[in-house]
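The values are calculated or read from the model by the stated rules, or taken from the named source; none is laboratory data. In this text, all values refer to a predicted model and were calculated from it rather than measured experimentally. Here the Cβ is made from the backbone with ideal geometry for all residues, glycine too, and neighbour counts use every protein chain on show. All accessible areas refer to the heavy atoms of the entire protein, side chains included, with ligands and DNA or RNA removed. Shrake-Rupley method; radii C 1.70, N 1.55, O 1.52, S 1.80 Å.
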Amino acid sequence: EGCYATIAVGDFMAPTIRDGDLVIFKPGAEFGNRSIVLMTNKWGEVILRRYRMTGEEVFFSPENTVYAPFKADANTRIFGTVIDVWRRVKM
(Lines give C-alpha, C1' and ligand atoms only; values in the text may rest on other atoms or scores of the structure.)
Protein backbone atom coordinates (compact mmCIF):
# COMPACT_ATOMS: atom_id res chain seq x y z
CA GLU A 1 0.00 0.00 0.00
CA GLY A 2 1.27 3.46 -0.90
CA CYS A 3 4.04 2.12 -3.14
CA TYR A 4 4.97 2.92 -6.72
CA ALA A 5 7.11 1.24 -9.37
CA THR A 6 9.59 2.30 -12.00
CA ILE A 7 11.71 0.44 -14.54
CA ALA A 8 15.47 0.53 -13.91
CA VAL A 9 17.60 1.75 -16.81
CA GLY A 10 21.35 1.21 -17.07
CA ASP A 11 23.91 -0.78 -15.15
CA PHE A 12 24.66 1.64 -12.28
CA MET A 13 23.13 -0.65 -9.65
CA ALA A 14 24.14 -4.00 -11.21
CA PRO A 15 24.17 -6.74 -10.12
CA THR A 16 21.63 -5.87 -7.39
CA ILE A 17 19.29 -4.02 -9.76
CA ARG A 18 19.65 -4.68 -13.47
CA ASP A 19 18.52 -2.86 -16.59
CA GLY A 20 14.83 -3.63 -17.11
CA ASP A 21 14.05 -4.63 -13.50
CA LEU A 22 10.81 -3.38 -11.98
CA VAL A 23 11.77 -1.42 -8.86
CA ILE A 24 9.12 -0.98 -6.15
CA PHE A 25 9.64 2.04 -3.90
CA LYS A 26 7.76 3.68 -1.06
CA PRO A 27 7.69 7.48 -0.82
CA GLY A 28 8.51 8.84 2.60
CA ALA A 29 9.68 5.48 3.94
CA GLU A 30 12.51 5.61 6.44
CA PHE A 31 15.94 4.70 5.17
CA GLY A 32 19.26 4.08 6.81
CA ASN A 33 22.79 3.06 6.01
CA ARG A 34 22.88 0.77 2.95
CA SER A 35 19.25 1.43 1.91
CA ILE A 36 18.65 1.92 -1.80
CA VAL A 37 16.84 5.16 -2.55
CA LEU A 38 15.19 6.74 -5.59
CA MET A 39 16.61 10.25 -5.83
CA THR A 40 17.75 13.05 -8.12
CA ASN A 41 21.35 13.75 -9.03
CA LYS A 42 22.92 17.19 -9.54
CA TRP A 43 21.49 17.34 -13.07
CA GLY A 44 17.95 16.64 -11.88
CA GLU A 45 17.84 13.10 -13.29
CA VAL A 46 16.00 10.48 -11.26
CA ILE A 47 18.40 7.70 -10.27
CA LEU A 48 18.79 4.78 -7.88
CA ARG A 49 21.69 4.79 -5.42
CA ARG A 50 22.70 3.18 -2.14
CA TYR A 51 22.66 5.52 0.86
CA ARG A 52 25.92 5.13 2.79
CA MET A 53 27.04 6.78 5.99
CA THR A 54 30.74 6.97 6.78
CA GLY A 55 31.15 8.61 10.15
CA GLU A 56 29.36 11.95 9.80
CA GLU A 57 29.44 11.98 5.99
CA VAL A 58 26.69 10.71 3.69
CA PHE A 59 27.44 9.35 0.22
CA PHE A 60 25.24 7.94 -2.52
CA SER A 61 26.95 5.09 -4.29
CA PRO A 62 26.24 2.80 -7.22
CA GLU A 63 26.61 -0.96 -6.85
CA ASN A 64 28.66 -1.07 -10.06
CA THR A 65 32.22 -0.04 -9.09
CA VAL A 66 32.84 1.45 -12.54
CA TYR A 67 30.89 4.50 -11.35
CA ALA A 68 31.88 6.84 -8.51
CA PRO A 69 29.91 7.66 -5.36
CA PHE A 70 28.93 11.28 -4.70
CA LYS A 71 27.68 13.55 -1.92
CA ALA A 72 24.28 15.20 -1.98
CA ASP A 73 24.01 18.84 -2.97
CA ALA A 74 21.28 21.48 -2.62
CA ASN A 75 19.36 20.01 -5.59
CA THR A 76 19.32 16.43 -4.29
CA ARG A 77 15.84 15.14 -3.51
CA ILE A 78 15.02 11.68 -2.20
CA PHE A 79 11.67 10.37 -3.46
CA GLY A 80 11.51 7.08 -1.63
CA THR A 81 13.11 3.88 -0.45
CA VAL A 82 13.34 0.75 -2.59
CA ILE A 83 11.44 -2.06 -0.91
CA ASP A 84 11.46 -4.72 -3.64
CA VAL A 85 12.87 -5.55 -7.07
CA TRP A 86 11.09 -7.75 -9.60
CA ARG A 87 13.05 -9.34 -12.41
CA ARG A 88 11.70 -11.21 -15.40
CA VAL A 89 13.47 -14.52 -15.83
CA LYS A 90 13.76 -15.90 -19.35
CA MET A 91 12.73 -19.53 -19.59
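Restricting attention to the range 19-38, which residues are in contact with an Asp or Glu (Cβ under 7 Å, 6 or more places away or on another chain) and acidic (Asp, Glu)?
19
List every residue pair whose Cβ atoms lie under 8 Å apart, where the two residues are 6 or more positions apart in sequence or sit on different chains, the first residue falls within the range 15-39 and is farther than 15 Å from residue 85 by Cβ and charged (D, E, K, R), and the second residue, located anywhere, is at pLDDT 95 or above and open to solvent by 80 Å² or more (accessible area, probe 1.4 Å).
If the second residue must be at pLDDT 95 or above and open to solvent by 80 Å² or more (accessible area, probe 1.4 Å), no pairs are left.
Take the range 40-91 and flag every residue that is in a strand (DSSP E or B), in contact with a Ser or Thr (Cβ under 9 Å, 6 or more places away or on another chain), free of Cβ contacts under 8 Å to residues at least 24 places away in the same chain and exposed (fewer than 15 other Cβ atoms within 10 Å of the Cβ).
52
Looking for something modelled with pLDDT of 95 or more, small (Gly, Ala, Ser) and under 19 Å from residue 6 (Cβ atoms) - is there at least one such residue anywhere in the range 66-81?
yes
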